[in-house]
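Written below as structure tokens is the structure these notes are about.
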Amino acid sequence: MSKLKTKDAVVRALGAMSGTSLDGVDAAVLETDGHDIVGFGPSEYRMYSAQERATIAAGFGQWAGTAVDAASSVVDAAHAQALQGFGAVDVIGFHGQTLAHAPRLQGTLQVGDGAALAQALNAPVVWDFRSADVQMGGEGAPLAPFFHHACARYIKTKAPLAFLNLGGVGNITWVDPRIPQPQTDGAVLAFDTGPANAPINDLVQARCGLAFDEGGQIAAKGTVEQGALELFLAEPYFTRMPPKSLDRNDFSEMIGLVSELDDADAAATLTAMCAAGVMEAMQHCPSPPSRVLVTGGGRHNPVLMQMLSVSLDCPVAAVETVGLDGDMLEAQAFAYLAVRVARGLPTSCSSTTGVRAAVSGGTLSYPSPAHSLS
């Protein structure tokens, strides 16, 4: 029997993540038994070219057609390249690229062919992580919370805390590490806080030809337009009880709210909207977190981090302060989830996605002929 199928054996898993910020592919190795984090391995980042970003972006909000097919081809090729060179691994967790997410309507779509990737890399691949959750009534997102629970236990924290991921969309996981299993009632609560980097990136791309507001330099020169911020916070999403999730472009009207502002004021206002969404989210936490640990690209924006620090009633810091890698946490999460899927362990539950019962979501594909693991 392979190590992957042997209960409690520690395996070497490789995870990959391509987020809605469209910066590139993160890839990272994790050593785990599917419950605990045993160790962290090497990681790599493969940036998307401007043409690749444009091709993927053309598929956003679409469910089928030539734009989706083109985006899928880019995603497959980029991942095959990014995941080479890590040596032997027991399993790969392949999230793919989310193009459309409407769990209450059409469902959720992540492009990328995990079966083809298994052939290309000659290793088992777990993919299509979200569909089973949506089919059972869940939001299909966020999916990193069970890994966040493992991270809280890994850093040996005792008090409830929150992990805040600021990618294209923001999401928060409130964790009580005193409860050993993440699917147990009271262990985790997770949901999307609102838009994060996506509208800022779109604004500076359209106006300045930049991929993102590096270091918050544009926003730092601007003033927040309070009227636009108040209109943003009037959106019904913020009064909905979690779990809840968002598509990348659900708040696309944000750009319209700042359309008549200059570049700096517009960037500052969109950045404040991201922070305000997080502030609104805190009222849903079962108890005040002892601290908020920030992961994802947003933690590199000092303007955003300062806004969070002054608006939240607890310390706010990047996850690096506790020895974690905020650039690779999502990739590591899908390495962790891949092992859980291979072993039939749940990857989401009612308090993370609203799914009716805890579910292990994902498809396990082996290369052909069947790959034999040592």
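Output the Cα-based Rg and Dmax of segment 178-217 in Å, rounding Rg to one decimal and Dmax to a whole number.
Taking only Cα atoms of segment 178-217, I get Rg and Dmax of 17.8, 48 Å.
With charges only on Cβ, +1 for K and R and -1 for D and E, what is the dipole size of the chain about its Cα centre, in debye, rounded to 20? Could you put the intermediate results ahead of the total?
Details: 22 positive and 37 negative charges, 268 e Å.
Using only the charged Cβ atoms, the result is roughly 1280 debye.
What is the diffusion coefficient of segment 132-187 in µm²/s, taking the Kirkwood radius over Cα pairs and the Stokes-Einstein relation at 25 °C with a viscosity of 0.890 mPa s? Could the numbers behind the result be given before it?
Details: Rh = 12.1 Å.
Once the numbers are plugged in, D ends up at 203 µm²/s.
Over all Cα pairs of segment 50-108, how is the pair count split among 10 Å bins, expressed in % and running from 0 up to the last occupied bin?
Per 10 Å bin, starting at zero, the Cα-Cα P(r) for segment 50-108 comes out as 20, 44, 26, 10, 0 percent.
At what distance in nm do the modelled label points of residue 36 and residue 5 sit from each other, each positioned 7 Å from its Cα along Cα→Cβ?
Spacing of the two 7 Å Cα→Cβ label points: 2.6 nm.
In vacuum, with every alpha carbon of segment 208-320 counted as one equal point scatterer, what does the Debye formula give for log10 I(q)/I(0) at q = 0.13, 0.17 Å⁻¹? Two decimals, please.
-0.52, -0.91
Give, as ranges by residue number, the residues of segment 238-252 whose backbone N falls under 19 Å from the point 7 Å along Cα→Cβ of residue 106.
Answer for this model: 245-252.
Using the reciprocal of the averaged 1/r over all distinct C-alpha pairs, how large is the Kirkwood radius of segment 1-95 in Å?
Details: mean 1/r = 0.0682 Å⁻¹.
One over the average 1/r among Cα pairs gives 14.7 Å for segment 1-95.
Report the residue, chosen from 128, 262, 202, that carries the largest GNM mean-square fluctuation when the chain is represented by alpha-carbon nodes joined by springs under 10 Å.
Comparing 128, 262, 202 in a Gaussian network model of the chain, the most mobile one is 262.
Residue separation times 0.36 nm, minus the C-alpha to C-alpha distance between residue 49 and residue 231: what's the value? Kindly include the intermediate steps, with their values, before the conclusion.
Working: separation 182, 0.36 × 182 = 65.52 nm, distance 3.52 nm.
Residue separation times 0.36 nm, minus the Cα-Cα distance, leaves 62.0 nm.
Report the equivalent ellipsoid semi-axes for segment 152-235 in whole Å, largest first, defined as the square roots of five times the eigenvalues of the gyration tensor built from alpha carbon atoms. Mind dumping the intermediate values first?
Values: eigenvalues 231, 48, 26 Å².
Taking √(5λ) for each Cα gyration eigenvalue gives 34, 15, 11 Å.
Could you check which residue among 344, 362, 277 shows the biggest mean-square fluctuation in a GNM of the chain with a 10 Å Cα cutoff?
344
Radius of gyration and Dmax for the chain's Cα atoms, expressed in Å?
Answer for the chain, Rg first and Dmax second: 19.5, 63 Å.
Quick one, can you get me the convex hull of the C-alpha atoms of segment 72-169 expressed as volume per residue in Å³?
Cα convex hull per residue, to the nearest whole number: 143 Å³.
Expected output is a single nm value to one decimal: the length gained when fully extending between residue 350 and residue 185, i.e. 0.36 nm times separation in residues minus the C-alpha distance. What is it?
Values: separation 165, 0.36 × 165 = 59.40 nm, distance 0.89 nm.
Stretched out fully, the residue 350 to residue 185 stretch lengthens by 58.5 nm.
Springs between alpha-carbon pairs under 10 angstrom, Gaussian network model over the chain: which of 138, 114, 222 fluctuates most?
222
If contacts are Cα pairs under 8 angstrom and at least 6 residues apart, what is the relative contact order of segment 222-361 in percent?
Details: 139 pairs, mean separation 30.9, N = 140.
About 22 percent, as a whole number.
Under 11 Å from the Cβ of residue 61, count the other residues' Cβ atoms, weight Lys and Arg +1, Asp and Glu -1, and hand me the total.
-1
Counting Lys +1, Arg +1, Asp -1, Glu -1, what net charge surrounds residue 117 among other residues with beta carbon under 13 Å of its beta carbon?
Values: positive: none; negative: 76, 113, 128.
Every neighbour counted, the sum reads -3.
Every number here is computed from the coordinates shown, using simple stated rules; none is lab data. Model, not experiment: these values are computed from the prediction. Neighbour counts are summed over all protein chains in view; Cβ atoms, including those assigned to glycine, are modelled from backbone coordinates with ideal geometry.
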